[in-house]
Amino acid sequence: MKIGVIGTGAVGKTLAIKLVANGHQVLVANSRGREEVADSLGISSSRLTPSSTPEALSCELTFLTVPWTKVRDVLGHGGPQDGRILVDTTNIFLSYPPDAQIDDLKGDSGSEIVARLAPAARVVKAFNTLPFARMFAPLHDCMKRVIFIAGDDAPAVATVASLVNELGFHPVSLGSLAQAGRQMELAGPLSGLELLTPAQAAA
Ligand SMILES: NC(=O)c1ccc[n+]([C@@H]2O[C@H](COP(=O)([O-])OP(=O)(O)OC[C@H]3O[C@@H](n4cnc5c(N)ncnc54)[C@H](OP(=O)(O)O)[C@@H]3O)[C@@H](O)[C@H]2O)c1
């Protein structure tokens, strides 16, 4: 699949490298331009293309891996078009730990805001509930880590679940952005929750 990744921090870099290793064509963008993308990722591959944000957003599926405070900059021009999938990995930090400040959305939720900023995309929330160092920490072969998924479009959720599975996790699709997306958000009951399942049961 042709996959976009916007952001080359812990989340974007990890996902881009894993996706390339799994044979996908991956277009990666950050705020500093193509050369800095290549430097940030530290790998070169014919399947990896340092790109602009619009190019990454034109892929069949794009991971949004920028700070919450930058989401509007990235999606300011409307986000992906024509029902392309946007995977929202963001958490609503105004500043990261140890001086964490969480945005007060006054009853709204981050993923629903993302969906409104990208009205022509099918938004799926995933990969946000654990620190990446924990999410990708080695596990015994007999276990898989659960990745929660929320979204309003069943085929888009299924596509993301398939990618999650391919990356070695056990996908658990929980429902809509309004309900499940909120539960996955910071301070929600699924945020920080690490679940493991026997790999055979997950297969
Ligand atoms: N880190 C984790 O363990 C973790 C786990 C789950 C969810 N999350 C969430 O996932 C998101 C990414 O986390 P992270 O730790 O990878 O963040 P990060 O280290 O702060 O990296 C963010 C990336 O976004 C890029 N960026 C910022 N503004 C941009 C713009 N306008 N256009 C294009 N790229 C832009 C930055 O580009 P430059 O490199 O050019 O500055 C940087 O590469 C955050 O919302 C975070 O809350 C993080």
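Structure notes:
- Residues of the stretch 38-58 include at least one that is closer than 28 Å to GLN183 by Cβ and more than 9 Å from the ligand (Cβ to nearest atom).
- The stretch 55-87 - residue that is at positive phi and of a type in the set (Gly, Ala, Ser) and, of those, surrounded by the most Cβ atoms within 10 Å (Cβ to Cβ): GLY79
- Candidates in the stretch 91-103 are the residues that are part of a loop (DSSP other than H, G, I, E, B) and touching a helix residue (DSSP H, G or I) at 6+ places or on another chain (Cβ under 7 Å); of these, the one that is nearest to the ligand (Cβ to nearest atom) is ASN91.
- Any pair with Cβ under 9 angstrom, 6 or more apart, that starts in the stretch 1-22 at a residue that is in a strand (DSSP E or B) and ends at one that is of a type in the set (Val, Ile, Thr) and near the ligand (Cβ under 6 Å from one of its atoms): GLY4/THR53; VAL5/VAL11; VAL5/THR65; ILE6/THR53; ILE6/THR65; ILE6/VAL66; ILE6/VAL74
- Among the residues here, LYS106 qualifies as of a type in the set (Lys, Arg) and outside any helix (DSSP H, G or I).
- Unique match (being surrounded by fewer than 17 Cβ atoms within 10 Å (Cβ to Cβ) and either closer than 18 Å to MET1 by Cβ or away from the ligand (no atom under 14 Å from the Cβ) (or both)) among LYS144, LYS106: LYS106
- For the stretch 1-32, the set of residues classified as within 8 Å of the ligand (Cβ to nearest atom), surrounded by fewer than 16 Cβ atoms within 10 Å (Cβ to Cβ) and not hydrophobic (A, V, I, L, M, F, W, C) consists of GLY9, SER31, ARG32, listed by residue number.
- Some residue of the stretch 80-90 being among the polar types (S, T, N, Q), near the ligand (Cβ under 8 Å from one of its atoms) and assigned to a loop (DSSP other than H, G, I, E, B): yes
- Residues satisfying the stated conditions in the stretch 109-141, i.e. surrounded by fewer than 19 Cβ atoms within 10 Å (Cβ to Cβ), assigned to a loop (DSSP other than H, G, I, E, B) and within 13 Å of the ligand (Cβ to nearest atom): PRO131, PHE136, ALA137
- Those residues of the stretch 69-89 which are among the hydrophobic types (A, V, I, L, M, F, W, C) and within 12 Å of the chain's Cα centre (by Cα), in sequence order: ILE85, LEU86, VAL87
- Close pairs (6 angstrom Cβ cut-off, 6 or more residues apart or separate chains): at pLDDT 95 or above in the stretch 153-170, surrounded by fewer than 16 Cβ atoms within 10 Å (Cβ to Cβ) anywhere: GLU166/ASN22; HIS170/THR197
- Single condition LEU61 does not satisfy, out of (1) more than 8 Å from the ligand (Cβ to nearest atom); (2) in contact (Cβ under 8 Å) with a residue 60 or more places away in the chain; (3) out of contact with any Ser or Thr (no Cβ under 7 Å at 6 or more places or on another chain): (3)
The values are calculated or read from the model by the stated rules, or taken from the named source; none is laboratory data. Remember, predicted model here, so these are calculated numbers, not experimental data. When we count neighbours, we look across all protein chains shown, and the Cβ atoms used for this are built from the backbone with ideal geometry, even at glycine.
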